[in-house]
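These notes are about the structure you will find just below.
The values are calculated or read from the model by the stated rules, or taken from the named source; none is laboratory data. Everything quoted here is computed from the prediction, not taken from an experiment. Note: ideal-geometry Cβ built from the backbone for every residue, glycine included; neighbour counts use all protein chains shown.
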Amino acid sequence: MSRVTIAEAPGKVILLGEHAVVYGRPAIAAPVSQLRARAWVEEAPAGFELVAADVGLTYSWGEPAPEALRPLVALLKATWERLGLGQPPAVRLTLRSQIPIARGLGSGAALATALVRGMAEYAGVPLPPEEISHLVYEAERFYHGNPSGIDNTVVAYEQPVYFVRGQRPRPVRVGAPFELAIADTGVPSSTREVVDEVRLAWERERERYERLFDQIGALVERGRRAMESGDLPELGRIMDANHERLVELGVSLPALEGLIRAARGAGALGAKLSGAGRGGNAIALLAPDSRQAVGAALESAGAARLILTPVGRSERE
Ligand code: PMV
């Protein structure tokens with residue numbers, strides 16, 4: 001019987017600190033463990049083949065890679081090198097993902113992480129999260145230009161993390177587990193484009209943007225303390241305050257504002273955009289008794305998709 005290895009990685013959501021994290025300030029992100037990317041690795045005597053099942057693209061070793069698969073092919077080569085494989089293994093690696101694309105949910109990092117993990121497990125050389133994260137970061141650079149590294153970190157570690165560029169990520173101990181509603185505007189967002197626009201604005205108005213990044217950094221510090229002490233009302237207020245700074249950075253959108261207003265109006269403890277903005281998702285911190293009302297309000301405010309995800313309980317619920 002041919003050997004099959006299955007490896008997985010979760011989606012992610014940024015709780016606090018997006019954009020400022022690109023400029024050296026801290027941010028906090030959590031895995032979205034019920035949305036997963038999977039890699040199947042099985043023997044294929046005809047030689048190495050990569051199948052990106054969701055987009056219907058295939059790459060066979062020795063042939064030119066389709067444009068969209070080039071970053072993954074580069075990542076495969078780096079992974080084989082790290083694993084000490086002298087030549088491409090004779091396997092078929094199939095990728096599938098439940099994570100919506102271009103919504104700030106880490107779909108690219110999750111696929112890349114599943115790919116690296118799948119190859120490593122198949123080769124019998126399991127890699128620690130730090131090394132997986134490092135390999136995936138290089139692939140993220142193809143998609144995002146100058147990513148902070150928070151996506152690959154939270155996806156590879158699969159736990160809430162406090163992240164500062166260039167430093168070892170620190171796990172965030174969650175004092176009181178909570179639930180987030182993740183509401184999709186239905187508007188795709190290109191992280192690369194939004195990050196580039198923020199950079200242009202920062203170049204024009206450096207002082208104002210630095211001040212905003214400092215304010216966001218200070219909110220993240222407070223947010224970490226609130227998460228660790230289990231002070232959810234305080235965490236909600238911090239999310240609201242972080243969102244106001246993101247509005248000032250110019251990355252919100254009427255569709256995001258509508259969802260955020262609806263969630264707050266229905267009793268969420270706090271709400272903000274999450275990820276690059278200009279589309280993608282809003283997140284809302286649910287009070288234990290506000291789940292139904294906030295969910296219904298987000299749906300009637302036009303959420304294209306609604307995901308409820310626990311933070312701080314078993315990461316695989
Ligand atoms: O990939 P997204 O959409 O969650 O956004 C990433 C967050 C940014 O801070 C805007 C960019 C980055 O590299 O950290």
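Has the stretch 82-97 got at least one residue that is over 30 Å from Leu16 (Cβ atoms), over 20 Å from the mean Cα position of the chain (by Cα), charged (D, E, K, R) and away from the ligand (no atom under 16 Å from the Cβ)? Scanning the stretch 82-97, I find at least one residue that is over 30 Å from Leu16 (Cβ atoms), over 20 Å from the mean Cα position of the chain (by Cα), charged (D, E, K, R) and away from the ligand (no atom under 16 Å from the Cβ), so the answer is yes. Gln292 falls short on exactly one of the conditions (1) touching a residue at least 24 places away in the same chain (Cβ under 8 Å); (2) more than 13 Å from the ligand (Cβ to nearest atom), and that condition is (1). The single condition among (1) within 28 Å of Ala68 (Cβ to Cβ); (2) more than 11 Å from the ligand (Cβ to nearest atom); (3) crowded, with 19+ Cβ neighbours inside 10 Å that Ala109 does not meet is (2).
Between Ala9, Ala65, Ala30, the distinction of being under 30 Å from Arg245 (Cα atoms) and surrounded by 15 or more Cβ atoms within 10 Å (Cβ to Cβ) belongs to Ala30 only. Restricting attention to the stretch 1-54, the residues that are in contact with a Ser or Thr (Cβ under 8 Å, 6 or more places away or on another chain) and on the phi > 0 side of the Ramachandran plot total 1. Quick one: would you say Leu127 is surrounded by 19 or more Cβ atoms within 10 Å (Cβ to Cβ) and farther than 29 Å from Ser274 by Cα? Criteria met by Leu127. Within the stretch 244-285, the set of residues being more than 12 Å from the ligand (Cβ to nearest atom), surrounded by 24 or more Cβ atoms within 10 Å (Cβ to Cβ) and not small (Gly, Ala, Ser) comprises Leu256, Leu259, Ile260, Lys272, Leu285.
Within the stretch 128-167, can you find the residues that are aliphatic (A, V, I, L, M) and modelled with pLDDT under 95? Passing the criteria: only Ala139. Taken over the stretch 44-62, the criterion of being of a type in the set (A, V, I, L, M, F, W, C), surrounded by 15 or more Cβ atoms within 10 Å (Cβ to Cβ) and free of Cβ contacts under 8 Å to residues at least 24 places away in the same chain is satisfied by Leu57 alone.
The set of residues from the stretch 155-179 being near the ligand (Cβ under 10 Å from one of its atoms) and buried (at least 21 other Cβ atoms within 10 Å of the Cβ) comprises just one member, Phe163.
Filtering the stretch 180-200 to residues that are in contact with a helix residue (DSSP H, G or I) (Cβ under 7 Å, 6 or more places away or on another chain) and within 13 Å of the ligand (Cβ to nearest atom) leaves Thr185, Val187, Thr191, Arg192, Val195, Val198.
Note on the stretch 128-216: no enclosed helices (runs of 4 or more DSSP H) hold 3 or more residues that are touching a Lys or Arg at 6+ places or on another chain (Cβ under 7 Å) and either without any contact (Cβ under 8 Å) to a residue 12 or more places away in the chain or of a type in the set (Ser, Thr, Tyr) (or both).
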